[in-house]
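Presented below is the structure to which this report refers.
The values are calculated or read from the model by the stated rules, or taken from the named source; none is laboratory data. Please read these numbers as outputs of a predicted model, since none were measured by experiment. We place every Cβ from the backbone using ideal geometry, glycine too, and count neighbours over all the protein chains shown. To get the accessible areas, we keep the full protein, side chains included, count just its heavy atoms, and leave off ligands, DNA and RNA. Shrake-Rupley method; radii C 1.70, N 1.55, O 1.52, S 1.80 Å.
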Amino acid sequence: MRRAIVLVLLLACGLVWADSWPAAKIAAMASPSGRVVVRVIPGTNLGAVYGFAGAKAGKPATAVYYRVGAGDEYLKYQEVSLQNPIAPVFFAVSDAGELVTLDNWHNMGVGNAVVIYRPDGQVLRSYELVQIFSTSELQKIRQSVSSIWWRCNSPPIFEPRTSSLEFEAELGFNVEVNLKTGVLIKNTSSRKAC
């Protein structure tokens, strides 16, 4: 009897995909020309992360912007609080200083999955997955206990000529985010899935 109960529990646990996340770390990204660098310092707002109910609230992630000065040294010119409680999973910056963040540490696809910031650090536009995918599409995307795995593992590509970030998404879609306008376009590709 005990073996049957253990077997049922093991099978039931297999229906929910568990995941683990390494600790968030300070990360930096340079613009295509290297004239602008953004450093993201992880926040401490664990209480705002799905799955950490009751945890201590704190400050969100911070983006520190640097620009190349006259003597080829990087000079800090602004510091901005991001909408990520801990850190974005990915971010990119344009030569003009527009910033885009994708997903949240420990909560891929939960909350604001895409946030575009103007050069002055103000939010231009943000997107939750319900604004990108239909309900039926969302039901087909793999989920874990903490995340909705909507993006493919291939790294996003920043296209400086159009100031757009392009990446592959689940269900055979390609996504393009324009950092100047905040417009997000989801295109169907010949690829079926990630």
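Looking only at residues in segment 7-34 that are more than 23 Å from residue 108 (Cα to Cα) and modelled with pLDDT under 90, the one that is least open to solvent (accessible area, probe 1.4 Å) is 12.
Can you tell me which residues in segment 71-122 are open to solvent by 60 Å² or more (accessible area, probe 1.4 Å) and either more than 28 Å from residue 145 (Cβ to Cβ) or over 11 Å from the mean Cα position of the chain (by Cα) (or both)? Those that are open to solvent by 60 Å² or more (accessible area, probe 1.4 Å) and either more than 28 Å from residue 145 (Cβ to Cβ) or over 11 Å from the mean Cα position of the chain (by Cα) (or both): 72, 73, 74, 75, 76, 77, 79, 81, 95, 118, 120, 122. Suppose we keep only residues that are among the small types (Gly, Ala, Ser) and in a helix (DSSP H, G or I) within segment 39-70. Which one would you say is surrounded by the most Cβ atoms within 10 Å (Cβ to Cβ)? Across segment 39-70, the extreme among qualifying residues is 48.
Taking residues in segment 162-187 that are in contact (Cβ under 8 Å) with a residue 40 or more places away in the chain, and partners anywhere that are in a strand (DSSP E or B) and open to solvent by 70 Å² or more (accessible area, probe 1.4 Å), the pairs with Cβ atoms closer than 6 Å and at least 6 places apart or on different chains are 182/125.
Looking across segment 148-170, the residues that are part of a loop (DSSP other than H, G, I, E, B), farther than 24 Å from residue 21 by Cβ and open to solvent by 40 Å² or more (accessible area, probe 1.4 Å) come down to 160, 161, 162. Scanning segment 59-80 for residues that are out of contact with any Asp or Glu (no Cβ under 8 Å at 6 or more places or on another chain), without any contact (Cβ under 8 Å) to a residue 24 or more places away in the chain and not acidic (Asp, Glu) yields 59, 69, 70, 71, 75, 76, 77. When you look at residue 89, is it touching a residue at least 40 places away in the same chain (Cβ under 8 Å), of a type in the set (Val, Ile, Thr) and not in a loop (DSSP other than H, G, I, E, B), yes or no? Against the criterion (touching a residue at least 40 places away in the same chain (Cβ under 8 Å), of a type in the set (Val, Ile, Thr) and not in a loop (DSSP other than H, G, I, E, B)), residue 89 does not qualify. Taking the conditions (1) at pLDDT 95 or above; (2) in a loop (DSSP other than H, G, I, E, B); (3) closer than 27 Å to residue 186 by Cα; (4) not small (Gly, Ala, Ser) in turn, residue 100 satisfies each one other than (2).
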